[in-house]
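The values are calculated or read from the model by the stated rules, or taken from the named source; none is laboratory data. Source: prediction; values computed, not measured. Heads up, the Cβs are rebuilt from the backbone with ideal geometry, glycines too, and the neighbour counts pull from every protein chain shown. Surface accessibility is based on the protein's heavy atoms, side chains included, excluding ligands, DNA and RNA. Shrake-Rupley method; radii C 1.70, N 1.55, O 1.52, S 1.80 Å.
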Amino acid sequence: MKLLKGQPVSEKIQADIKAEIASWPQKGLALPHLSVILVGKDPASEVYVGHKARMCEALGFSSEVIRLDEKISQNELLAKIDDLNKNSKVDGILVQLPLPKHIHERTALEKIAPGKDVDCLTKTNIGSMVVGDAIVKPCTPAGIVEILKYYDIKIAGKKVAVIGRSQIVGTPLVHLLTQENATVTLFHSKSENLMQEIKTFDIVCVAIGKSEYFKQADFKQGAIVIDVGIHRAEGHKLTGDVVKAVENDTWLSAQSPVPGGVGVTTIAMLMQNTLQACKARRQS
Ligand code: GUN
């Protein structure tokens, strides 16, 4: 089976971004700026935010991580987001999720000006994505489409299953794959006969958030499996929603590894979105 590694896909996206911004400094244009808000000290969020800042640095983007106390009030957080909305130097704003329980997530996300919402989580940007008119696309789903394209996997006309209906991954992924002309079915926790059903799909994107829930033999022989899960097991081992892909396994034709698959391209798509948001704002 082929391992659908995210690194070469990410490198290609980064190379395209670098080529696009190479002439900006000579023209006196500032490179894009991303502001990330991190509330509290969730260890996984710390790791993700660190990866985002490092990729900004590698591309020459400027970035800042705004660390806010876990006990910050909702109004204080909204005021901070509004400061960034009004700051002309800021092209992209990302509020790292999850937020502490006392903060209403939707209210916080809606405070982000759509033109700076580089995660594509505001209702306005989700709507633009659904009608096929997006400046930014949700990072993880867009990265999955990039992986499939990079590895020349035909999407059009294929039966594609998306397992998991989260607002960040499963639900928007259905739209992006439909726009690529796939025949998409969304499965979720209330779906009946999941294990029988998924055996009939050519491509399966698994985003259910349960460590090693599926094994390779659960899918159709020759299927392509995209694993969106990431779980830190005892002893710091990272696992996906699917049992680890092994290159000499012959049941599936391809599987994305965890770590080193979808997560890597997600961050590259965030950079792509930050660039697009920056360009759109300067044109408006
Ligand atoms: N936490 C885990 N994934 C994400 C993501 O894609 N965006 C944000 N803002 N927070 C996350």
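Structure above, values below:
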quantity	calculated
Of residues in segment 1-16 being open to solvent by less than 60 Å² (accessible area, probe 1.4 Å) and in a loop (DSSP other than H, G, I, E, B), the one farthest from Y150 (Cα to Cα)	M1
In segment 249-284, the residues that are under 24 Å from D202 (Cβ atoms), crowded, with 18+ Cβ neighbours inside 10 Å and more than 16 Å from the chain's Cα centre (by Cα)	L252, A254, Q255
Lone unmet requirement of (1) surrounded by fewer than 23 Cβ atoms within 10 Å (Cβ to Cβ); (2) within 18 Å of H51 (Cα to Cα); (3) of a type in the set (V, I, T) for V246	(2)
Some residue of segment 62-76 being part of a helix (DSSP H, G or I) and open to solvent by less than 20 Å² (accessible area, probe 1.4 Å)	no
All positions within segment 17-52 that are within 15 Å of C278 (Cβ to Cβ) and either touching a helix residue (DSSP H, G or I) at 6+ places or on another chain (Cβ under 7 Å) or in a helix (DSSP H, G or I) (or both)	I17, K18, E20, I21, L31, P32, L34, S35
Residue identified as touching a strand residue (DSSP E or B) at 6+ places or on another chain (Cβ under 6 Å) and in contact (Cβ under 8 Å) with a residue 40 or more places away in the chain among Q96, Q7, Q14	Q96
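Yes or no, residue by residue, for (1) in contact with a Lys or Arg (Cβ under 8 Å, 6 or more places away or on another chain); (2) at pLDDT below 95; (3) open to solvent by 50 Å² or more (accessible area, probe 1.4 Å); (4) in a strand (DSSP E or B):
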| position | (1), (2), (3), (4) |
| --- | --- |
| K80 | no, no, yes, no |
| L84 | yes, no, no, no |
| S88 | no, no, yes, no |
| P98 | no, no, yes, no |
| R106 | no, no, yes, no |
| E110 | yes, no, yes, no |
| D119 | no, no, no, no |
| N125 | no, no, no, no |
| G132 | no, yes, yes, no |
